Amino acid sequence: MFPKGGLFLYLRQTSARLVLLGAAVILSGCAATQTYTPETAPEYVMIRDFTPFYRLGPMQGRPDASLPSGTRVKLLRQEMGFSLVQLSDNRSGYVANENMVPAPPLPPSATVSDSSDSPSKPGKKRRNVPDSPRYTGEQLNDIPMPEPNTPAPDLNIAPEDVAAPAPTPTPPAEKPKFRY
């Protein structure tokens, strides 16, 4: 029934095995995640249309944006269910791992040339600095502000025209009879 040495030795071996098993489970949860810099990050492509994109991490609320299928992203950190990615406009956020696959290489004609070789303006040299984020659409700062000394527009709103006051309500002729 018990191995040689009795019940005490059996319990001692079993508890040692349980301690080793628990340590293995705890250490497997502390596995390191793969982290990349934006320059060395591998490119991935979205395979599902309207992939949820979360800026601060996955949450119960609605996503901050949705990515169409075919969007190329750089994988900054791969985690268990979601990965931190960087979009082409330098925004970073989280997407689900099952919605992306490694991207095929870009065709040779689509490669981006180095901007320091061809300056954008003839009299100005560009320093080798990364471009600022490129956001599209109307931004809050795009709305023009009114001039400071401009008077308020005349809205020409007339007061409401009330024909006659409401009549006073009259009580009913006889009181209702209640049953108790």
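One table, with the values for the structure above:
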read-out	value
Every residue from segment 59-75 that is part of a strand (DSSP E or B) and buried (at least 17 other Cβ atoms within 10 Å of the Cβ)	67, 73, 74, 75
Scan of segment 32-58 for residues that are surrounded by 12 or more Cβ atoms within 10 Å (Cβ to Cβ) and of a type in the set (A, V, I, L, M), ordered by number	41, 45, 46, 47
Qualifying position, being in contact with a helix residue (DSSP H, G or I) (Cβ under 7 Å, 6 or more places away or on another chain) and either of a type in the set (S, T, N, Q) or in contact (Cβ under 8 Å) with a residue 12 or more places away in the chain (or both), among 40, 35, 51, 71	51
Single residue of segment 68-81 satisfying the filter (of a type in the set (A, V, I, L, M, F, W, C) and more than 15 Å from residue 47 (Cα to Cα)) that is modelled with the highest pLDDT	76
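The values are calculated or read from the model by the stated rules, or taken from the named source; none is laboratory data. Keep in mind it's a predicted model, so treat the numbers as computed, not measured. No Cβ is skipped: glycine too gets one built from the backbone with ideal geometry, and neighbour counts run over all protein chains shown.
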